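This report concerns only the one structure given below.
The values are calculated or read from the model by the stated rules, or taken from the named source; none is laboratory data. What you are looking at is a predicted structure, and each value in this text was computed from that prediction instead of being measured. Neighbour counts run over all protein chains shown; Cβ positions are idealised from the backbone, glycine included. Each accessible area value is taken on the protein alone, full model and side chains, heavy atoms only, with ligands, DNA and RNA left out. Shrake-Rupley method; radii C 1.70, N 1.55, O 1.52, S 1.80 Å.
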Amino acid sequence: MKGAGHVLILAGRFDPTCDLVVEELNRRAVPVFRADMAEFPLRLTLAATLSGNRWHGTLNNDRRTLDLASVRSVYYRRPPARSSPSG
């Protein structure tokens, strides 16, 4: 699957389920860029334009830069809120 484009993963920093997805994508040699939306806009920045049906620009965090044109799919993981104990 090399050269097939990046999977952009939007998930919390501490998400064990998402960690398993990242491990499997890495095992399959699929390029992954994981970002925590809680870091936006201080440590995660976006510069983008939409031209026709294509995104152009970059997504940057403290460690890496992602070219939006290289994104082939997005995995958005937001687990449901935990219910508070009733009492």
**Q.** strands (runs of 3 or more DSSP E) enclosed by segment 1-54 - at least 1 residues per element that are in contact with a strand residue (DSSP E or B) (Cβ under 9 Å, 6 or more places away or on another chain), open to solvent by 80 Å² or more (accessible area, probe 1.4 Å) and more than 15 Å from Ser73 (Cβ to Cβ)
**A.** 45-51
Q.
Of all residues being β-branched (Val, Ile, Thr) and under 19 Å from Cys18 (Cα atoms) in segment 55-77, which is surrounded by the most Cβ atoms within 10 Å (Cβ to Cβ)? Just the residue, please.
A. Val71
